[in-house]
Each structure stands twice: as structure tokens, then as C-alpha cells.
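The values are calculated or read from the model by the stated rules, or taken from the named source; none is laboratory data. Just so we're clear, the structure is a prediction, and the values are computed from it rather than from any experiment. Here Cβ is always computed from backbone atoms with ideal geometry, including for glycine, and neighbour counts include all displayed protein chains.
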Amino acid sequence: MFQFGARWQRICDDAWMTVPDDRPLVEVDHHTADLPELPQRDRTIPAERWVEAPPELRALGADIGAPVVVYKRRIGGWLLWRAGPPNKGDSRYMALAAGDPGRQFTFRLYPDGSGTGEGPDGVVHTRFRAWKEALRDTPPP
């Protein structure tokens, strides 16, 4: 059963989950050790609430009209953040080494589904999945 336009959607018989864009932004600060491994289904952590967030992350979406930068998940030793919508719009992802936030890689997604970004393996990827696989396969030093 789906309830379009509602804050909560019934997606299976066992759980109620929020639609990602409807998840509330947290109002407490987080340190790197507090950032969860997996995506959060009940809340959104904005970059402004990450104490160690470098300026480059806070400004990730400034030039594409996406001022809110949100935490997505860890991939190995990398912290993945996004500015903009997950698809069908201008967005940019940034992966930062958890132990050295100055070590950063970005991937830009365009409204037509194309994208580009250098990964930690030194390769310029044109597929977001391949870029994330490079994060998985190339741990930070």
C-alpha cells in the first residue's frame, strides 16, 4: 500500500520508512566516529552538523544550486556525502578519507544521467557505480 504525498510510505508488511527527502535534518553535532556505516532511514545528517567538515565539503553544491550537503554512508574508509538530488538533476558527491578529510574525491552527476569524477585509483570514471567501486577497492592511506 502506497500513500503518495504522505510523509510515511508503507513499503512492506514489516516496516514503515520515510521517503529520503522527508527525513528530518539532525540538530546535534557529530564527530567522525559518530557517522554511521550505513544510510540512515530515519534522519539526515547535514555537513553543517559534522564537526570536522572541511570548507570544500560545506561548499560542495554551492555552484549547482544545492546548498544542503548530506551524509550518505561509509564505503570502506571513505565518508560519502551528496549535494543535490540522487538522480534526474545536478548533483555532486564527495568522498573524504575518514582519517584525513583533506583527502577528497568528487563525482558530478548531470540531469541526463551522465557523470564524471576521478577516483582514488587515479582513474576518471564516467559511471557513478564504477567510482563507488573504486572507493571500495582503494582504501585511504
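Values as computed for the structure displayed
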| read-out | value |
| --- | --- |
| Residues that are free of Cβ contacts under 8 Å to residues at least 40 places away in the same chain and crowded, with 18+ Cβ neighbours inside 10 Å, drawn from segment 116-137 | 117, 119, 125, 128, 131, 134 |
| All positions within segment 77-106 that are exposed (fewer than 15 other Cβ atoms within 10 Å of the Cβ) and at pLDDT 95 or above | 99, 100, 102 |
| Hits in segment 42-53 - residues which are under 13 Å from residue 70 (Cα atoms) and in contact with a Lys or Arg (Cβ under 8 Å, 6 or more places away or on another chain) | 43, 44, 47, 48 |
| Spans of strands (runs of 3 or more DSSP E) in segment 1-75 with at least 1 residues modelled with pLDDT under 85 and of a type outside the set (Asp, Glu) | 8-10, 16-18 |
| Enumeration of residues in segment 76-124 that are more than 16 Å from residue 136 (Cα to Cα), in contact with a strand residue (DSSP E or B) (Cβ under 9 Å, 6 or more places away or on another chain) and in a strand (DSSP E or B) | 82, 83, 91, 92, 101, 102, 108, 109, 115, 116 |
| Among residues of segment 99-116, those that are among the aliphatic types (A, V, I, L, M) and more than 15 Å from the chain's Cα centre (by Cα), counted | 0 |
